[in-house]
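Below is one structure, written out as structure tokens, with a few remarks after it.
Where a number appears in this text, it was derived from the coordinates with a stated rule and is not lab data. All values reported here derive from a predicted model rather than from experimental measurement. Counting neighbours? That spans all protein chains shown, and the Cβs are built from the backbone with ideal geometry, glycine included.
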Amino acid sequence: MTAENTLERNIPESGRAASRARGIKRFKWTVLTPFLLLMAFILVPALFGQGFFSLFQFSIFSMGDESGWRSYWHASEWVGLELFIEVFRDERFGAAIIRSLLFATGSTLGCFIFGFGLALLMYRPFRGQGLYYIFFILPMLTVPIVIAYTGEMILYQNGPLNDILSRISGMEIKAQFLYKKEIALTTIMFLEIQLPLLRPVIMLALILRFLEAMAEFPKTWGLLQGGPGSATETVPVYIFITTWQYFDISYGAALSYVVLVMMVAIVLTGIYFLQREKKNLDAMYFAKPQESK
């Protein structure tokens, strides 16, 4: 018996429990401290600044020679909730929400179906499994904008995909995967599918994947910049165009706040379903001993 084991046996049960509680507390603060610092120095100031711009109509062209907040103050005019009222009347924003929901739903279901099927292939060992692992994980390690530009080259009208399809079918195929409004959003969904590993809690994976897809920007912007027309103009793309192309910073701030509230509602709904799933699992777990008796 080692000295460490002897020392551990000599520690009373209450002492071990107290030591374990201190260790858990230290771990919690280790995890929470970076998040709290991020909240205090980045997120909270950003939210206050966003609140200022959404309540004051700001024009970048009205800024004077002053520096700091004074220049922003003199270039702003109090409008109250007018911008938020305008957001709810904005048909273009409503259409962007619908596109984002369709994109997130299709992308999430596609990831789950393909990911679940590919995970089943890994259930038993087989020859060449190491090579399969490489292709399985490679899309997760690739920068999103690289995926977008690679997909654009493959899906170009005179690109390799149409060439392969033409050779197989014996007919000349010039499908416009990226420039037809009817199929552009669906095309981006299949660039988006990244073959995720099977997760123990499927509901949690679906919720997180849905939230990530709702905020997807690099691939959508890198491929089509919201086009053709506005066929792929999702919520992040519309906010980016409004803020940094039209320079309507105040309206972009109001849009962002509305989207923030919408995302919080989605998160709370997901938490509700997760809690309900946990209750069902707990009921099944505690019912087993009773059934065996």
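List of remarks:
- Restricting region 241-268 to residues that are free of Cβ contacts under 8 Å to residues at least 24 places away in the same chain and within 16 Å of the chain's Cα centre (by Cα), the residue that is surrounded by the most Cβ atoms within 10 Å (Cβ to Cβ) is 260.
- Scanning region 210-230 for residues that are in contact (Cβ under 8 Å) with a residue 60 or more places away in the chain and not in a helix (DSSP H, G or I) yields 216, 230.
- Residue selected from region 96-119 under the condition touching a residue at least 12 places away in the same chain (Cβ under 8 Å) and surrounded by fewer than 16 Cβ atoms within 10 Å (Cβ to Cβ), by the criterion nearest to residue 230 (Cα to Cα): 102
- Where a residue in region 150-174 is farther than 14 Å from residue 191 by Cα and its partner, wherever it lies, is part of a helix (DSSP H, G or I) and not β-branched (Val, Ile, Thr), with Cβ under 7 Å and at least six apart: 159/153; 172/166; 173/162; 173/165; 173/166; 174/162
- Counted residues, region 234-265 - those being out of contact with any Ser or Thr (no Cβ under 6 Å at 6 or more places or on another chain) and more than 13 Å from residue 53 (Cβ to Cβ): 15
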